[in-house]
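Working notes for the structure below.
The values are calculated or read from the model by the stated rules, or taken from the named source; none is laboratory data. Predicted model only: the values in this text are computed from it and were never measured. Cβ coordinates were reconstructed from backbone atoms using ideal geometry, including for glycine residues, and neighbour counts include every protein chain displayed. Please note that ligands, DNA and RNA were not included when accessible areas were found on the heavy atoms of the full protein model with its side chains. Shrake-Rupley method; radii C 1.70, N 1.55, O 1.52, S 1.80 Å.
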Amino acid sequence: LFRSDALNKGLRLATGEIILWVNSDDLLGPGALFMIALAWLEDGADIIAGFCCEHSERRFGLINLPAATQATFNAECLGDLFNYWLKGHYFYQPEVAFSRRILEKAGGLLDEQLHYTMDYEFWLRCAAAGARLTTVRWPIGLFRKHAQQKTANTDRTVIEQEIGRAHV
């Protein structure tokens, strides 16, 4: 059973206007929920992303702020894995929140057939549905990097991203 099945159960139960999920090995940054709510109230964006601080062995390494803009948050740029996605142009999942409105417009649930890239495929559907993106300069997600994480297998992840692109 894929993790997307459990996430979909949570999405079906969610009642808020702003939604995000935090994986068992990730954390939200201090003040993250406040900053997400503030950004949503100020401009009503469908996708809100902030800094993601990657940490391992109790030390911070990479700090990612998505370079994506509204102009590049589209299926064409998202689908260009080697020039955008794999170069950190977009986001790590723990740093992103989304509106109920775009969740419903993009089909309402994650693709349960995808093991590595259900979030990537969801962002593609959001972009195709016309999602409005905003970024905040605040640490939203703390991403723990470790050898056992699914996306450590880059080959399988990229292959599955291609499958996800074919769905949209």
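Points worth noting:
- If you go through the range 29-58 and keep only what is of a type in the set (A, V, I, L, M, F, W, C) and under 13 Å from the mean Cα position of the chain (by Cα), you end up with ILE47, ILE48, ALA49, PHE51, CYS52.
- Single match in ALA67, ALA129 (criterion: open to solvent by 10 Å² or more (accessible area, probe 1.4 Å) and either polar (S, T, N, Q) or in contact with a helix residue (DSSP H, G or I) (Cβ under 8 Å, 6 or more places away or on another chain) (or both)): ALA129
- Residue satisfying condition, being under 23 Å from GLU121 (Cβ atoms) and free of Cβ contacts under 8 Å to residues at least 12 places away in the same chain, within set LYS105, LYS87: LYS87
- Single residue of the range 76-87 satisfying the filter (open to solvent by less than 30 Å² (accessible area, probe 1.4 Å) and closer than 24 Å to LEU7 by Cα) that is farthest from the chain's Cα centre (by Cα): GLY79
- With respect to being under 21 Å from PRO66 (Cβ atoms), open to solvent by less than 20 Å² (accessible area, probe 1.4 Å), modelled with pLDDT of 90 or more and part of a loop (DSSP other than H, G, I, E, B), LEU124 falls outside the description.
- Between GLY31, GLY61, the distinction of being open to solvent by 10 Å² or more (accessible area, probe 1.4 Å), farther than 18 Å from TYR90 by Cα and among the small types (Gly, Ala, Ser) belongs to GLY31 only.
- Residue check: LEU38 meets all listed conditions (1) touching a Gly at 6+ places or on another chain (Cβ under 8 Å); (2) open to solvent by 60 Å² or more (accessible area, probe 1.4 Å); (3) within 22 Å of ARG132 (Cβ to Cβ) but one, namely (1).
- Qualifying position, being surrounded by fewer than 18 Cβ atoms within 10 Å (Cβ to Cβ) and either in contact with a strand residue (DSSP E or B) (Cβ under 7 Å, 6 or more places away or on another chain) or modelled with pLDDT under 95 (or both), among LYS105, LYS145: LYS145
- All conditions but one from (1) at pLDDT 85 or above; (2) open to solvent by less than 10 Å² (accessible area, probe 1.4 Å); (3) within 21 Å of SER4 (Cα to Cα) apply to PHE73; the one that does not is (3).
- Residue check, CYS52 closer than 20 Å to TRP138 by Cα, at pLDDT below 95 and open to solvent by less than 30 Å² (accessible area, probe 1.4 Å): yes
- Answer from ASP43, ASP5, ASP26 - the residue that is buried (at least 17 other Cβ atoms within 10 Å of the Cβ) and touching a residue at least 40 places away in the same chain (Cβ under 8 Å): ASP26
- Conditions (1) of a type in the set (A, V, I, L, M, F, W, C); (2) crowded, with 22+ Cβ neighbours inside 10 Å; (3) part of a strand (DSSP E or B); number of the one not met by PHE91: (3)
- If you filter the range 94-121 down to residues that are part of a loop (DSSP other than H, G, I, E, B) and of a type in the set (Ser, Thr, Tyr), you find that the one that is farthest from the chain's Cα centre (by Cα) is TYR116.
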